[in-house]
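Below is one structure; the comments refer to it alone.
Read-outs: derived from the displayed coordinates by stated rules, not from any lab. Note that the structure is predicted; figures quoted are calculated from it, not measured. All Cβ positions, glycine included, derive from the backbone under ideal geometry; neighbour counts span all protein chains shown.
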Amino acid sequence: MPAKPKWAQLADHIREQIASGELAPGDKLPSTAQLRAEHGVSAGVVNHAMIVLKTEGLVEGVHGLGVFVAEQPPVG
């Protein structure tokens, strides 16, 4: 079985941080540059992971400020 794509691995990592409470509602996620450096991935990988997490309702982007954990993550 092939390994998960890097964007999926990054999204899983952030999901786990949210689920564990390491990232709480309203917390700002690290910048794209920080995530790239920390995980050794490209900006495209980070952007793809963010799109997936936004679509799931776990994070919200605020133009000019960054990406934050959603105040009321979806139930499920």
- line: Honestly the chain on the Cα gyration tensor test (a ≥ b ≥ c root eigenvalues; a/c under 1.5 rounded, otherwise a/b vs b/c for prolate or oblate) is just oblate
Cα-centre dipole for the chain with unit charges at Cβ (Lys and Arg positive, Asp and Glu negative), debye to 20: 280 debye
- prompt: Please state the relative contact order of the range 1-66 as a whole percent: Cα pairs under 8 Å, 6+ residues apart?
  reply: 37 percent
message: Can you tell me the length gained on complete extension of the stretch residue 70 to residue 22, counting 0.36 nm per residue apart and subtracting the Cα distance?
response: 15.9 nm
statement: Expected sort for 16-29, 41-54 on mean C-beta neighbours within 10 Å, highest first, is 41-54, 16-29
task: For every other residue with a beta carbon closer than 11 angstrom to the beta carbon of residue 30, add +1 if it is Lys or Arg and -1 if Asp or Glu, then tell me the sum.
output: 0
- prompt: Add -39500 (n - 2.57) for each DSSP H run of 4 or more in the chain, then divide by its residues: what number comes out at 222 nm, to the nearest 500 deg cm²/dmol?
  reply: -14500 deg cm²/dmol
